[in-house]
Structure formats: C-alpha cells, structure tokens
1. Which order do peptides 182-190, 142-150, 116-124, 47-55 fall in by mean Cβ count within 10 Å, highest first?
2. Among ARG162, ARG37, ARG81, which one moves the most in a GNM of the chain with springs linking Cα atoms closer than 10 Å?
3. Compute the FRET efficiency between SER35 and PHE164 as 1/(1 + (r/R0)^6), taking r as their Cβ-Cβ distance and R0 = 25 Å, and round to the nearest 0.05.
4. For the stretch 20-81, what is Rg from Cα atoms divided by 2.2 N^0.38 Å, rounded to two decimals?
5. Normalised by the empirical 2.2 N^0.38 Å for globular proteins, what value does the Cα Rg of the chain take?
6. At a 10 Å Cβ-Cβ cut-off, how would you order GLU101, GLU226, fewest neighbours first?
7. Output the 0 to 90 degree angle, nearest 10, between the alpha-carbon long axis of helix 53-69 and the longest principal axis computed from the alpha carbons of the chain.
8. If you place +1 on the Cβ of every Lys and Arg and -1 on the Cβ of every Asp and Glu, how big does the dipole about the Cα centre of the chain come out, in debye to the nearest 20?
Amino acid sequence: MADLATSPYFLLILLIAAFALPLVYLVWIRNSVRSGREPWSTVLKAFSWGAVLSVIIALVLSLVFILILNQIGPLNDFFARRFADPTTAIGVLVVAPIVEEAAKGVGATAGRPQTQSKADGLVYGAAAGLGFSAMENLFYALAALFVTGVGPSGSLVVVGVRSFSSSFLHASSTAVFGYGLAKAWLTKRPWAILPFYFVAVGMHATFNFFSTLALTYSDQNNIVGEALAFVAAVTFAIVAFSIVRLRLASGRRAPQ
C-alpha cells in the first residue's frame, strides 16, 4: 500500500473505485426491466447530470441553507442539546436530505424525453442518484487523504463502505422522486411530485440519522451501539434499493 500511496496513478485508481460500483448498480437497475429497457444514452446522461449538475446545485444550495438555518436560534438550540456539533447535525439531518434530493431530481429530468411510464422515472431517478453518489464517493475519499492516520488505504476503504451503503440510498431515494417526476410529466400535474419528494427526503434523513448515530456512538467508544446503528443504515439502504429493483422487475411496460 506504500507503493500505492506514492503512485502518480493513485488519483485515477481512486476515481475508478468511486465510480465502479455505482456504474455496476446502474446496469443492474436498468436491466431489471424485463422489456422496453431505457436507452443507454439517456440513462448515462441522467447518471452524468447527477454526478456533475446535481452535485454543483447541492453544494451551492447547501451553503445557502446552512447559513440561513444557523441564524435560527431555536433550531440550533434543539440540535445543540442532542449533538456535540449542532451545525454538522443540521447539515446532515436537515439540509442534505432536502437539498440533495431536489438537486438529484434535476439530474433525473435528463430522462424526461424518454419517459413513457411512471416506472421509467424509477430508472432515471436511480441513475441520477447513482451518479451523485459516485461523485460523492470521490469527494469523501479525497477528503480522507488529508486526515491523519487515514491515507490512501483508508480512502479506498471509505469508497468501499460508501459504495455498499450511501450509493444504495441515493439510488433508491431518488428513484422514488423520479417516479413522482414521471407521474407529474405524464399526468400534467406538477404538484404530483410532492408526496414522492417528501418520501425521498424522509428516506435520506432516516439513513443519515442512523449514520450520525453510528458516529456518535463511535465518539463515545460504544462499539455495540456503533455497529448496530451502522448495520441499521446499511440494511435500510439495501432494502430500499431491492424494493426499487423488484418494482422494476415486476412492472409491465410497453416496448419502446
């Protein structure tokens, strides 16, 4: 691993690692449909929009929301009584779910021209979510390189852990939102997206809550609590992802 740390190709390795499993999941989701599969060009477009456009939107809006929410005294007091770092807790439990799901929804709109059924929205939502998760994997891995005691090997571990947890969450939550987007497009009722957006935000917040709980227990050296919270987060994400796949596999869709 020492050789890997000094290799000029390590960043390329990190990039490939960050995107590898999300792309595998993308194939898995797209091919879950028995007939009338979405064209690869549009699926990859949604993935790319999620990885670039959605990430940029999320970064900008997150900064704005955090600055605004930090000025709300009662909210900060509420989180200060429950978390050692209330600003981070607000960012993770409130800002991230609201902002990131909206931003990933923008990425999912890349599939609108090809959307002929509500199930199509599941595919494009998942694609945007997976693109977002891949870029997020890369950001977290790069950040880990600058943490004392983590280094290159630790950054690869970060990618691995996130690929088997956060990637599933991003795919499934935005698939739900994508379903709502497709329903809104097909029925010409823009407000139809709202229930699905709220569900996506709730899913995201639930996953982040378990993840935050795991970190809190880790700081308290509570190994059992940390393990249980982490397993709960991963299980939640995997189950949600599996439900999306089953919905796609069981749906009847007209060939395109």
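Nothing in this text is a laboratory measurement; each read-out follows from the coordinates by a stated rule. All values derive from a computational prediction rather than experimental measurement. Because the Cβ atoms are built from the backbone with ideal geometry, glycine has one as well, and the counts that use them run over all protein chains shown.
1. Values: 182-190: 15.1, 142-150: 11.9, 116-124: 25.0, 47-55: 23.3.
Descending mean neighbour count gives 116-124, 47-55, 182-190, 142-150.
2. Highest fluctuation among the options: ARG81.
3. Working: r = 30 Å, r/R0 = 1.19.
That gives a FRET efficiency of 0.25.
4. Working: Rg = 18.8 Å, N = 62, 2.2 N^0.38 = 10.6 Å.
It is 1.78.
5. Details: Rg = 18.6 Å, N = 256, 2.2 N^0.38 = 18.1 Å.
In units of the globular-protein estimate, the chain measures up at 1.03.
6. Working: GLU101 29, GLU226 18.
If I rank by nearby Cβ atoms, fewest first, I get GLU226, GLU101.
7. With both axes taken from Cα atoms, the answer is about 50 degrees.
8. Numbers: 17 positive and 10 negative charges, 272 e Å.
The calculated dipole for the chain is roughly 1300 debye.
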